Amino acid sequence: MAYLSEIAPARGVATACAAGIRRIVADNPGPMTYHGTNTYLLAGADGVSVLDPGPDDALHLAAVLREAGTVARILVSHGHSDHVGGLAAMRAATGAPVFAFDPGLSPDHVVGDGDVVAGWRVLHTPGHAADHVVLARDDGVVMTADHVMGWSSSVVSPPQGDMAAYFASLRRLLARDDRLYLPGHGPAIGDPLGHAGFLLAHRVQREAAVLAALGDGPQTPAALVDAIYAGLAAHLHPAAQRNVLAHLLKLRDEGRAVERQGGWVRG
Ligand SMILES: [Zn+2]
């Protein structure tokens, strides 16, 4: 298994991903967003459900409105700004009701685990973010947002990000029998269980590496990143430190690591 890639997508146009599902990629490329945030148009009997407005970008909003036609509702995967920065403007432009797990986003409808909205079942998948949900359709298509992506592992940055929760949420998807994941950034994942298993194995390995690098003298997450991540590009160092901290907090809660004197030692 390996990470997936795709060429930079066309901007401002919707392309088909699966039956009744189109994607428009926002123009916010970056080290955490790949080519940009995927906004999905989910066709339904009463119009289109927009999954994740994307960043606050007037050109992206205009493209989504042009391609969507009637927007029946706005769905939110989680509250990070690359997904909901454009929520207020899209809500104002469409008057469509907003469905989100996080009451802090002031949705018209707070959705909970197991709810069904426009034919999609909501699965609460904390880990990348406490308020993260994926949407699953009966035919095995899952909108995985930033929980499972093909192009990269997910940032798990405490306190919003929680590594123990992330492991549990990955295992939740692995216990299902889905056939296609459509993530919040990057291309579709056509071997979803293989890829989710690869991501879980990667985390288990990383956790073992963090544990192995701990000794009796306190070490900071930054020092642990230097010890564990070979050849990491400098611009990815801060995110790696957040991931290592998330592993350390999980290990602490399991009694396997202890924070002491500004660093971490074996528990
Ligand atoms: Zn994102």
- Task: Name, by its number, the condition in (1) touching an Asp or Glu at 6+ places or on another chain (Cβ under 9 Å); (2) of a type in the set (Lys, Arg); (3) crowded, with 16+ Cβ neighbours inside 10 Å that does not hold for Arg203.
- Result: (1)
- Task: Would you mention how many residues in the range 27-70 are surrounded by fewer than 20 Cβ atoms within 10 Å (Cβ to Cβ), assigned to a strand (DSSP E or B) and within 16 Å of the ligand (Cβ to nearest atom)?
- Result: 1
- Scan the range 98-132 residue by residue and report those that are hydrophobic (A, V, I, L, M, F, W, C), surrounded by 20 or more Cβ atoms within 10 Å (Cβ to Cβ) and in contact with a Pro (Cβ under 9 Å, 6 or more places away or on another chain). Val98, Phe99, Ala100, Phe101
- Just need a number here: residues in the range 233-265 that are exposed (fewer than 15 other Cβ atoms within 10 Å of the Cβ) and closer than 19 Å to Val204 by Cα. 4
- Scan of the range 151-194 for residues that are at pLDDT below 95 and at positive phi, ordered by number: none
- Query: Failed condition for Ser152, given (1) polar (S, T, N, Q); (2) touching a residue at least 12 places away in the same chain (Cβ under 8 Å); (3) closer than 27 Å to Arg266 by Cα, with all others met?
  - Reply: (3)
- Item | Selection count, the range 139-155, where residues are farther than 21 Å from Ala8 by Cα and either among the charged types (D, E, K, R) or under 10 Å from the mean Cα position of the chain (by Cα) (or both) | 3
- Item | Residues satisfying the stated conditions in the range 71-85, i.e. within 12 Å of the ligand (Cβ to nearest atom) and charged (D, E, K, R) | Asp82
- State which residue pairs qualify: first residue among the small types (Gly, Ala, Ser) and inside the range 185-197, second residue in a helix (DSSP H, G or I) and away from the ligand (no atom under 16 Å from the Cβ) in any location, beta carbons under 8 Å apart, and separation of 6 or more residues or different chains. Ala196/Leu170; Ala196/Leu173; Ala196/Leu174; Gly197/Leu174
- Note on the structure: The lone condition Ala88 fails out of (1) surrounded by fewer than 18 Cβ atoms within 10 Å (Cβ to Cβ); (2) within 16 Å of the ligand (Cβ to nearest atom) is (2)
- Item | Considering residues of the range 167-197 that are in contact with a Phe, Trp or Tyr (Cβ under 9 Å, 6 or more places away or on another chain) and of a type in the set (A, V, I, L, M, F, W, C) only, the residue farthest from Met143 (Cα to Cα) | Ala196
- Item | Filter result for the condition that a residue is of a type outside the set (Phe, Trp, Tyr) and more than 17 Å from Gly184 (Cα to Cα), over Gly12, Gly95, Gly30 | Gly95
- Message: Going by what's in this entry, would Ile24 be described as in contact (Cβ under 8 Å) with a residue 40 or more places away in the chain and either under 18 Å from Leu65 (Cβ atoms) or surrounded by fewer than 14 Cβ atoms within 10 Å (Cβ to Cβ) (or both)?
- Response: yes
- Answer yes or no: is there a residue in the range 111-121 that is in the same structural domain as Ala164 (by TED's automatic domain parsing) and under 16 Å from Tyr181 (Cβ atoms). yes
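The values are calculated or read from the model by the stated rules, or taken from the named source; none is laboratory data. Just so it is clear, the model here is predicted, and its values are computed rather than measured. Glycine gets a Cβ as well: all are built from the backbone with ideal geometry, and neighbour counts include every protein chain shown.
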